[in-house]
Structures are given as C-alpha cells and as structure tokens.
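> I have a structure here, written as structure tokens, and I will follow up with some questions on it.
The values are calculated or read from the model by the stated rules, or taken from the named source; none is laboratory data. What you see is a predicted model, and the numbers here were worked out from it, not measured in a lab. Cβ sites come from the backbone with ideal geometry, for glycine too, and all protein chains shown count toward neighbours. Each accessible area value is taken on the protein alone, full model and side chains, heavy atoms only, with ligands, DNA and RNA left out. Shrake-Rupley method; radii C 1.70, N 1.55, O 1.52, S 1.80 Å.
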Amino acid sequence: MFWILLLIVVFGLLFLLTRGGIGLQAWLGILAMADVVLMVAGMSGWIGFVLLLMIAAAFVFFAVDDIRKKWVTAPVKNLIEKSLPPMSDTEKAAIEAGTVWWDAELFQGNPDWDVLLKTKVPKLTEEEQAFVDGPTEVLCGMLDDWQINHELRDLPQSVWDFIKQNGFFAMIIPKFYGGLEFSAYAHSCVIQKIASRSSAAAVTVMVPNSLGPAELLIAYGTEEQKAYYLPRLASGKEVPCFALTAPSAGSDAGAIPDTGIVCKAEFEGKEALGLLLNWEKRYITLGPVATVLGLAFHVYDPEHLLGEKDDLGITCALIPVGIPGVDIGRRHDPLNIAFQNGPNSGKDVFIPMDRVIGGQDMIGKGWRMLVERLSIGRGISLPSLSAAAGKMACDTTGAYARLRKQFKTSIGRFEGVEEALARIGGLTYMVDAGVRLTTSALDAGEKPAVVTAIAKRYLTESMRQVINDAMDVHGGRGICMGPSNYLGRTYQSIPVAITVEGANILTRSMMVFGQGAMRCHPYLQEEIEAASIDGEEGVNRFDKALMSHLAYTIANAARAVLYGVSGGWLAPSPVAGVTARYYKQIARFSAATSAMADLALLVLGGSLKRKESISGRFADALAYLYLCSAVLKRFEDDGRPKADLPLVHWACQFCLYQVQQALDGVIRNFPVRPVAWKMRVWAFPLGRRLHLPGDHLTHQVASMLIEPSASRDRLIAGIYAPDSEDDLTGRLHHAMTMSIRAEPVERKLRNNGKIHGPDQSYDVWIENLVNEHALSREEADLLKATRSAVRAAIMVDDFSVDEWG
C-alpha cells in the first residue's frame, strides 16, 4: 500500500510541477503535506523528519525574500557577472536581430501546437503560378548544364537576356518599383525548378533575390536610393553583387578589415563629405559581371567630422563599379560550377555620404542590417536548392533504379539499394517540409534567425546525404561526366552550398544553439542584463528573473520525466491517429532539451560558449525537433493522405532518433558527471528506446520511388521534369513509361518459359517469337522500343582524344 501511495504522490507532484503557476511558498507547503501523508502511510519516521527539515530550510532560504536575496540571489548574481565572457557588438547585433517563432516554443519545453498548426498553408497566387509554369519552365528548357559548365563556362547570352527581361532578378522587389513582389514561397518554387536543371543558373538567380543591394535597399534605403536603384535592378539594367567576405574575415565577418575613412574631397566638381574606401574581397557571386557593388566595411572618423567617436562600426554602401579605384572582373572557379564568382578590391575610392545605404544616419548599423536580412534570405535560397536536389534525386534515381537491371532484376528491388532509396525519399520529404514551413513563417512576417540557420545548415547537410546516396545507386552512370550526366554537377556543387551564407560547422556549433539560447529563453537575457546592474535595483531584477527561471526549469524537468516514464503517453498531442505519437515525442524531447540546456547554462555559465561540441549537439536536438514538426505540419497541410504515411513515419522516426542521439551525446560528454547523471534521469528515465526506421518501412519508402503514384508525384512536385526522349532527364521518364507498358508482355514471356539467352541477338529472338506466334507485332515493337529507350537512358558519354584535350 505504501509503495502505491508513494507512486501516486510522486506522479501527482510531477503533474503539478508541469502545470506551473504555483508559488514557491505553496509548493513547499504541498511538499510538507505529502511528507506527512507518507509518514502516516508507513514511511520511516526519521526519513520523514529529515525531509521536513530540508523543506523548512528551503522555506527559509528561498521563500523569505530578504534572506533569499542576501544569501542566494546576490551570490549567484556576482558569480554570473564574473563568469560571463565579454560580448562583442557583432554578437549583440546577431542575438538581437530577427524574431523568435516556433523555435521558441520548442526551446521553452512546452510547445503550443496552435503556433505551428495555424501557420498559413503555403500557396502560390495565380500570378506566381503563371510565372512558375511560364517563364520559369521556358528558362529551364533553355538550360544545357554541360554547355554552361564545360563549354562556355558561363550562361549563354540568350539566357542572361531572358533572365533580365522576365524579371528573375526582381522577385523580391515591390511592384511599385517594377518588380514582381513575390512571396517567399513563390521565390522558393522558382529557385527549385531552376536548380533541378542547373545549379549555375539557380545561383545566378538566387543572389540578387537574397542578401544583396535590393534586399538592403527595400529595408533600409532612402527614398531617393530606392527610386533610382530598384527599377534598374528590377529590369536587369543593373546587375548587383554584395561584397562581404575578405581574405582575413570569413565567418568572423565582424572582423572586416576593409575601411572607410570619413573625410572631405572633391566630387563632381564640388567639395563633399564622404568616405575614402579601401577594400579587398573574395568569393563574391556575380562580382565579375556586376555593375553595382554592395560593400560592407568598417568606418573610422579620425578627424571627428561626424562626432566624438573614432570607430563608427560596420557600414554598407552602394558602389558603381565604373568609378576610379575599383578593380573587378576576375573569376574564381568554384568546383567547375560556372556561376560568376570572383574577387574585387578598391584603392582610395571616394564616395559621398548618399551612397551609404540609408544615408549618413545608417553609418555603423551595417552589421545589424546584414544579420537581420540574412535571417530571411538564408531561409529561402540554399534550402530551396537542397529541396530541388532531393526531388531531382528522387525522380532520377528512382527511375534509374527501376530501369537498371542486374541478375535480371531491377536494382531498386535489392535491399541494399532500398536503404539508399529510402534515405533519398525520406530525407527529401523532410527537406521539402522544412522549406515549406520556413517560407510560410517568412511570408507571415517573421524573421526567425534561428529557424533560418537551422534550415540552411540541416537541409544542405541532408542534401549532401541524398546526393551521395544517389551517386551510389547510379554508380558509373553518375561519375562519367558529359552532356547526358544529370547528377554529377549537383554532386560537385554540394560543398558550395555547405560553405556559403554561414559555414555549416560554425552554424551548428555556434549559431543555432548560441542564438537560440539567448533569443528563445524567456529569462536568460533579463538575467544577463540584471547581472550588470549594480545596487539594490540589480539584485531585485535579478531575483525576479532567477526565481522565474528556477520555476521554469523545474517545470520542464518534471515534464520531461513524466512524459519519459510514460513513454510519451502523458504528453499532449493536437491530433489523433497514427501521427499522434510523434507530437507526443516532440513534446517530451522539447521539455528534456530545455531542462538540460538550462542546467548546462547554470553549471558551465559562460564557458558553455567554448564547449562547441556540446552546444552543437544541443543544436542538433533543436533542429531535428523543428524538422520533425515541419514534417507533421506538411502532412496536415496536404490533407493527411494515407499513401504518404510511409514518408511521414520514416522522416519522423529519423528525426526523433537524431534528437535522442544528440541528447545522449550531451550527457555522455558533459564535463560535470553528477550533473550528467541528473540529465540522464530527466531525458531517458526508461533508457534510449527510439530506433532508426526499420526494414519494412525502408522497403515501403524505396518502393514509392520506383513506382509511379500520386505520392511520388507529390514528393517530386516543383522540379523540371520533361517527358521528351530527346531531353537529358526526359529520356529516363520516357524509358520508365515504356518499361511499365512492356512489363506485362515480359511477364507473359517468362511465364511461358521464353527467356532471352546469350546465343542470339535480342532483335532476332524477338522476331523468332513473332514467327512462333508467341508475340504479336505490336508487342514485339513495344519490347524493342523499350529496350532502345532503356539503353538510351542508362548510357554514359565518351569522348575522342581530341575532344578530351
């Protein structure tokens, strides 16, 4: 009876803790009453007495304000004040930039599912759909990736003209200035279709619509700057680029060495106040062909022409490339992908103040401008490129795996190949779900810096896995370059996506959790601010935040244990049915991640910033919680199609397993072992019980890639997929269609014992079967046409010695 009562008391206390809203004094009173009840029920008297003493001590130290502030709050405040590392201006700007959204719900341990499920379903307007179906489709038909990357080393002039004339550089520019003013989702759809045809063309279109002059002008430019530049950018009269990275300042962009010195000089025949610029940049996409250069540099005012400060901070300006001192035009060669990219520099280039984006008042605000706008573009361009690569891989690899036969069996039916196909399909579904959810948030007006960092890092890494698997399945068909290779260039270009707009290693280890902890935590920023305030005001503010923080952490720890010991059964789910368990596991791991992160911050303090492996694992947990929720949101948005459930199950099981492994990695490597043991109780009270998708589910997903279906169509929707047998990928589609039509005939022959042997040619064998009346003429023609189509689809290119040279 005692043990039953003990379990009831423990679960009751855990349940009350998860609810929150109960004051500390009331809590201690409840604990005292529970102790008395257990003593009456048979608990040892001395144990009960010790517990009462501990409760009384806690009451004195935590419930009596004056004592708590003197003996608890003030020492903790002093400790935090001393242990916090200094925060640079660039770090402050990064932390304060953008907004928090669903990421905050996940980080805080008690997600409100309405925030997710009431996010608007992404849809194209009629105008946007017409652009995707019209000019974008036409553009894709004009793109020959072998010609672009191997022969011309550039887009053909006809393609450049078509891009400019049809507004591909103007997707984000308002209609008032001659732009298309597309949604983030439409922007993504356009990029996906182009990227499924040519990475070089996609990057060319991406850059003017991402972080660059147009984006910065729309948000911060003066009316005069907007009126002059935006129509010219929209029409393609001006080709923009943005120069940020320097040889000695890449991911640490706050250390930009390029300078602008405030001075007076003659400009257009008159003395003008302006900036004397000196810079050296590299890796600048569209730089070699740009006509207007967006430039980030550090402004100094040694003569104090603008005020008392010498160092005025990072600033952004627009530089016409034709003015004296600008050196631009040379090219880099990024892994043989022929988009325009190169270095540029400037020597003693004078610009008047009206060239500063936003005018003179925006001097020193450049870094905040950059990180705020990067939190938008970073969530569209490269994630969309990743989705396109995944969809293209699903389409081509599924078709190839059906057509290519070994041991008289399609290789797509081998279990080893099925593992790769399932990863391709499941990860692509997850990537596309992440793109759709992220662009929906952007279209709703959010600027979620943490979410877009997750999208950029984790979706490009998923693309890497997908394309590697696709190459493995294709084998020699994938590695022999030539006009008929549709996969090799994408494989070559993967490191470009991994590197740009924030290198993936640093995005994971420093940005996702670092920004997430500061931006999403409800009390951390207030505690840090209060810790820096002296006197009674600082103690009072810190005390209020600290007590709220403790209650928040305890509630999340209790929630994690309660959900964990019940296998997630007690966690909430906004839906019923087969996907409910995934919502419950997200709620469980959200609570565990939040509680563990709080404990890590409390124990390690400022040194957690330098524990990049631990913070990277916390980032993994947060990222895969986000992606799992994106998968569930997509399933709901699509109307819960039953046929898509294998993809949903695979993606959710994969994501939740990654969360489990990430939290286990934090625990196993946490430097303070007693704290790690406590974390394990919170996160895994019944042990690690999740696994990667099993063989049966793997088979289901792999089969979806090699069989035509509505689910397969939904999975690859949005890419350029022609059916013409003369087209690069159209040959695959044509051959797959022919192969499916021929299969009943082939089955009939096998059932009748008619097997083609090596002693005669295929065509002769077919004609003999016609003469024997085992085949009709129509059936014979179908089999021969199918064999020819399959051969055309699987063949690789070869070159003469002269062509090779």
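> Failed condition for Arg197, given (1) open to solvent by 10 Å² or more (accessible area, probe 1.4 Å); (2) at pLDDT below 95, with all others met?
(2)
> Let me ask you something else. Kindly indicate the residue of the stretch 212-263 that is among the aromatic types (Phe, Trp, Tyr) and touching a Pro at 6+ places or on another chain (Cβ under 8 Å) and also surrounded by the most Cβ atoms within 10 Å (Cβ to Cβ) among those meeting that condition. Spell out the reasoning first.
Applying the first criterion (among the aromatic types (Phe, Trp, Tyr)) to the stretch 212-263 yields 220, 228-229, 242.
Narrowing further to those that are touching a Pro at 6+ places or on another chain (Cβ under 8 Å): 229, 242.
On the way: Tyr229: 22, Phe242: 29.
Restricting to residues being among the aromatic types (Phe, Trp, Tyr) and touching a Pro at 6+ places or on another chain (Cβ under 8 Å), the top hit is Phe242.
> Kindly indicate which of Gly476, Gly577 is open to solvent by 20 Å² or more (accessible area, probe 1.4 Å) and farther than 30 Å from Ala389 by Cβ.
Testing whether each residue is open to solvent by 20 Å² or more (accessible area, probe 1.4 Å) and farther than 30 Å from Ala389 by Cβ leaves just Gly577.
> Does Gly379 qualify as being in a loop (DSSP other than H, G, I, E, B), surrounded by fewer than 23 Cβ atoms within 10 Å (Cβ to Cβ) and touching a residue at least 12 places away in the same chain (Cβ under 8 Å)? Talk me through it step by step, then tell me what you get.
On the way: in a loop (DSSP other than H, G, I, E, B): yes; surrounded by fewer than 23 Cβ atoms within 10 Å (Cβ to Cβ): no; touching a residue at least 12 places away in the same chain (Cβ under 8 Å): yes.
No.
> If you take the residues in the stretch 264-292 that are among the hydrophobic types (A, V, I, L, M, F, W, C) and free of Cβ contacts under 8 Å to residues at least 60 places away in the same chain, which one is most open to solvent (accessible area, probe 1.4 Å)? Even if it seems obvious, please write down each step before you answer.
Start the filter on the stretch 264-292 by keeping residues that are among the hydrophobic types (A, V, I, L, M, F, W, C), which leaves 265, 267, 272-273, 275-277, 279, 284, 286, 289-290, 292.
So of that shortlist, the ones also free of Cβ contacts under 8 Å to residues at least 60 places away in the same chain come out as 289-290.
Numbers: Val289: 49, Ala290: 9 Å².
Across the stretch 264-292, the extreme among qualifying residues is Val289.
> Looking at the stretch 470-513 only, could you name the residues that are part of a loop (DSSP other than H, G, I, E, B), touching a residue at least 60 places away in the same chain (Cβ under 8 Å) and more than 27 Å from Gly616 (Cβ to Cβ)?
Within the stretch 470-513, the first condition is being part of a loop (DSSP other than H, G, I, E, B), and the residues that meet it are 475, 480-487, 500-503.
Applying the additional criterion that residues be touching a residue at least 60 places away in the same chain (Cβ under 8 Å) yields 480-487, 500-503.
Hits for the stretch 470-513 are Cys480, Met481, Gly482, Pro483, Ser484, Asn485, Tyr486, Leu487.
> What residue, among those in the stretch 253-289 that are in contact with a Leu (Cβ under 9 Å, 6 or more places away or on another chain) and part of a loop (DSSP other than H, G, I, E, B), is nearest to Val299 (Cα to Cα)?
The selected residue is Asp258.
Each row is one residue, and each column tells you yes or no for (1) outside any helix (DSSP H, G or I); (2) in contact with a strand residue (DSSP E or B) (Cβ under 7 Å, 6 or more places away or on another chain); (3) among the β-branched types (Val, Ile, Thr).
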| site | (1), (2), (3) |
| --- | --- |
| Cys140 | no, no, no |
| Asn149 | no, no, no |
| Trp160 | no, no, no |
| Lys164 | no, no, no |
| Phe176 | no, no, no |
| Gly179 | yes, no, no |
| Phe182 | yes, no, no |
| Ala186 | no, no, no |
| Val190 | no, no, yes |
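> Of the residues in the stretch 625-650, how many are touching a helix residue (DSSP H, G or I) at 6+ places or on another chain (Cβ under 8 Å) and either assigned to a loop (DSSP other than H, G, I, E, B) or without any contact (Cβ under 8 Å) to a residue 40 or more places away in the chain (or both)?
2
> Exactly one of these conditions fails for Met547: (1) open to solvent by less than 20 Å² (accessible area, probe 1.4 Å); (2) out of contact with any Asp or Glu (no Cβ under 7 Å at 6 or more places or on another chain); (3) in contact (Cβ under 8 Å) with a residue 24 or more places away in the chain. Give me its number.
The number of the failed condition is (1).
> Just to be sure, is Ile454 closer than 21 Å to Leu632 by Cβ and β-branched (Val, Ile, Thr)?
yes
> Search the stretch 672-689 for residues that are surrounded by 13 or more Cβ atoms within 10 Å (Cβ to Cβ) and pair each with any residue that is assigned to a loop (DSSP other than H, G, I, E, B) and at pLDDT 90 or above when their beta-carbon atoms are under 6 Å apart and the residues are at least 6 apart or on different chains.
The qualifying pairs are Ala676/Phe670.
Residue-by-condition table, conditions (1) modelled with pLDDT under 80; (2) of a type in the set (Lys, Arg); (3) buried (at least 18 other Cβ atoms within 10 Å of the Cβ):
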residue	(1), (2), (3)
Ile505	no, no, no
Arg508	no, yes, yes
Met511	no, no, yes
Gly514	no, no, yes
His521	no, no, yes
Ala531	yes, no, yes
Gly535	no, no, no
Arg559	no, yes, yes
Gly564	no, no, yes
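> Tell me, please, whether a residue that is without any contact (Cβ under 8 Å) to a residue 40 or more places away in the chain, on the phi > 0 side of the Ramachandran plot and open to solvent by 10 Å² or more (accessible area, probe 1.4 Å) can be found in the stretch 416-439.
First, pick out the residues of the stretch 416-439 that are without any contact (Cβ under 8 Å) to a residue 40 or more places away in the chain: 416.
Those still in the list that are on the phi > 0 side of the Ramachandran plot too: none.
So far as the stretch 416-439 goes, no, none of its residues is without any contact (Cβ under 8 Å) to a residue 40 or more places away in the chain, on the phi > 0 side of the Ramachandran plot and open to solvent by 10 Å² or more (accessible area, probe 1.4 Å).
> Scan (1) at pLDDT 95 or above; (2) surrounded by fewer than 16 Cβ atoms within 10 Å (Cβ to Cβ); (3) among the basic types (Lys, Arg) for the single condition Arg610 breaks and write down its number.
So Arg610 meets the others, but not (1).
> Which residue is most open to solvent (accessible area, probe 1.4 Å), if the candidates are limited to the stretch 770-787 and must be acidic (Asp, Glu) and without any contact (Cβ under 8 Å) to a residue 24 or more places away in the chain? Break it down into steps so the answer makes sense when it comes.
Within the stretch 770-787, the subset acidic (Asp, Glu) is 772, 778-779, 781.
Then keep just the ones that are without any contact (Cβ under 8 Å) to a residue 24 or more places away in the chain; that gives 772, 778, 781.
Values: Glu772: 106, Glu778: 133, Asp781: 73 Å².
Per the stated criteria, the residue is Glu778.
> State the number of residues belonging to the stretch 387-410 that are surrounded by fewer than 21 Cβ atoms within 10 Å (Cβ to Cβ) and in contact (Cβ under 8 Å) with a residue 60 or more places away in the chain.
Within the stretch 387-410, the subset surrounded by fewer than 21 Cβ atoms within 10 Å (Cβ to Cβ) is 404-410.
Filter once more, so that each one left must be in contact (Cβ under 8 Å) with a residue 60 or more places away in the chain: 404, 410.
Total meeting the criteria: 2.
> Looking at this structure, is Gly639 under 30 Å from Pro708 (Cα atoms) and surrounded by fewer than 20 Cβ atoms within 10 Å (Cβ to Cβ)? Break it down into steps so the answer makes sense when it comes.
Working: under 30 Å from Pro708 (Cα atoms): yes; surrounded by fewer than 20 Cβ atoms within 10 Å (Cβ to Cβ): yes.
Yes; evaluated as a whole, the condition is true for this residue.
> I'd like to check which helices (runs of 4 or more DSSP H) are fully inside the stretch 74-130 and have at least 1 residues that are small (Gly, Ala, Ser), modelled with pLDDT of 95 or more and buried (at least 19 other Cβ atoms within 10 Å of the Cβ).
Values: elements: 74-83, 89-96, 102-107, 113-117.
Once the helices (runs of 4 or more DSSP H) in the stretch 74-130 are filtered for at least 1 residues that are small (Gly, Ala, Ser), modelled with pLDDT of 95 or more and buried (at least 19 other Cβ atoms within 10 Å of the Cβ), nothing remains.
> For Leu370, state whether it is in contact with a strand residue (DSSP E or B) (Cβ under 7 Å, 6 or more places away or on another chain) and either open to solvent by less than 10 Å² (accessible area, probe 1.4 Å) or of a type in the set (A, V, I, L, M) (or both). Walk me through it before giving the result.
Values: in contact with a strand residue (DSSP E or B) (Cβ under 7 Å, 6 or more places away or on another chain): yes; either open to solvent by less than 10 Å² (accessible area, probe 1.4 Å) or of a type in the set (A, V, I, L, M) (or both): yes.
For Leu370, the condition - in contact with a strand residue (DSSP E or B) (Cβ under 7 Å, 6 or more places away or on another chain) and either open to solvent by less than 10 Å² (accessible area, probe 1.4 Å) or of a type in the set (A, V, I, L, M) (or both) - is met.
> Looking at the stretch 579-613 only, could you name the residues that are of a type in the set (D, E, K, R) and either touching a His at 6+ places or on another chain (Cβ under 9 Å) or over 30 Å from Lys642 (Cα atoms) (or both)?
Going residue by residue through the stretch 579-613, those that are of a type in the set (D, E, K, R) are 581, 584, 588, 598, 609-612.
Those that are of a type in the set (D, E, K, R) and either touching a His at 6+ places or on another chain (Cβ under 9 Å) or over 30 Å from Lys642 (Cα atoms) (or both): Asp598, Lys609, Arg610, Lys611, Glu612.
> Please indicate, with yes or no, whether at least one residue in the stretch 498-519 is among the aliphatic types (A, V, I, L, M) and in contact with a His (Cβ under 8 Å, 6 or more places away or on another chain). If you could, list the steps in order and put the result at the bottom.
Initial filter on the stretch 498-519 (among the aliphatic types (A, V, I, L, M)): 498, 500, 503, 505-506, 510-512, 517-518.
Restricting the remaining residues to those that are in contact with a His (Cβ under 8 Å, 6 or more places away or on another chain) gives none.
Within the stretch 498-519, none of the residues are among the aliphatic types (A, V, I, L, M) and in contact with a His (Cβ under 8 Å, 6 or more places away or on another chain).
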